Every structure is written in C-alpha cells, then in structure tokens.
Amino acid sequence: MLVPPVPVEVDSSWSGFGLPMDQQVDAWCAERIAAAKGPGVCSANNVPDAEAYAKYLCERGVPAAEIHSYLPDAEQKKRISQLEAGELKCLVHVSMLTEGIDLPWLAWGCLRRAVASSVRVVQEVGRFLRTYPGKRHALIFDPHGLLRNIGLEHEESIGAAMDAVLEAGPSRRGKAGRATEAGIMPPPLAVDT
C-alpha cells in the first residue's frame, strides 16, 4: 500500500458562521482557498453554481474561473494553462476534473460539493495527490467530512483507496498515477475538515 509519509492533519474547528448552510460552506472554503499556496481546484454542483462561486472567489481577491463541458475546448485548455502558470489560483469545476485528466502540479483541492459516492471522492482527490517534481504535500479542504463519511480520514485509508483505484487497471490510472516505479513517493497529505 502506498501511504503519504506524514500524518494527516484534521482541522475540525469549523462551527459555522451563523449563515445558511450553503453560505457557511462557501465562506469556509473561500477562506482556505485564499490562504492556500499554489494552484487548486474546487468542486461545484452545476454550471450556474460553478460560475457563481468563481465570481464569489474573484470578489474576495482570489483569481478564479469556472470550467465545465459547455466551454469550448480551446477555452478549457486556456483556463487550465492559466491555472498552471499561476494566472489563476482556482478552477471551479462541475465533475470535469475528477477523472481522465492529469494535473499533477495541483497543490490542493476543495471538496465543496457534497457527494455520496466514495468512487467520485477518491477520483477527485486523486487529481491533486499525484506526484510532481518539487511537490512536497497536497491539501484537501473537506467541509462536509466526505473523507470521514466514507472511512478515508487517515492517510493509510486514503492510500488504500488510491491503490484500489489503481488496481482497477491502466485505463483508470492516468499518466502520472500514484505508482512508484521511479521511486517517487506520493506527497504528504493534510486534510482540513
């Protein structure tokens, strides 16, 4: 089993902000995204939600854009390039960056959208747990406790889940994968809930 080499850090201090639940989650996520180092991705419920949350982040000084399948391919590629180049800090996506895309340079991910499927959660987390030269760790912002709800609150269980996805076959693995053929271990992991 591949296990990130440092313990998972869990921040369970969130108690809400006296706002409706969606607004509490949005504010909690925005605070962490603003403080995060490097590029990352944040999940949304649908296209209007992705557009609105990207605007919400921009209004708070976080360079962000939405990305979804209704955008032309050229615009999708442009936004991903802007994220990698540091022109954007966050791409807010609608199930688009969960599988079939290799972005190993992502530093963090925010599980803003509550989903019940453990497979979807593992696929999404897999986008930013990939190794990359100079990458020392990856952060997961999990306001809904999705990892805990599916039994993945510790780095050992996350490593086992990632291994299970890898064992499903090369088509599920992507180019970078989490394998250690070259002796590169996955980056350390911190979970913020």
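Couple of notes before you dig in:
- Built amide H within the under 5 Å cut-off of E66, gap 5+: V92
- Cross-link partners of K135 among lysines (Cα-Cα below 22 Å; sequence separation of 8 or more within a chain): K37, K89, K175
- Here the 3J(HN,Hα) profile of segment 63-68, calculated from phi with Karplus coefficients 6.51, -1.76 and 1.60 at θ = phi - 60°, is x, 9, 8, 8, 9, 7 Hz, Gly and Pro shown as x.
- Taking Cβ atoms as reference points and 15 Å as the exclusive limit, the residues near G134 contribute a net charge of +3, counting Lys and Arg as +1 and Asp and Glu as -1.
- The residues of segment 19-132 have, on average, 43 Å² of accessible surface per residue, using a 1.4 Å probe with all protein chains present.
- With a 1.4 Å probe rolled over the protein heavy atoms of all chains, the accessible area of E66, E84, E59 falls in the order E59, E84, E66, largest first.
The values are calculated or read from the model by the stated rules, or taken from the named source; none is laboratory data. This structure is a prediction, so every number in the text was calculated from the model and none was measured. Virtual Cβ from ideal backbone geometry, glycine too; neighbours counted across all protein chains shown. Just so you know, the surface numbers come from the protein's heavy atoms only, side chains and all, with ligands and any DNA or RNA stripped out. Shrake-Rupley method; radii C 1.70, N 1.55, O 1.52, S 1.80 Å.
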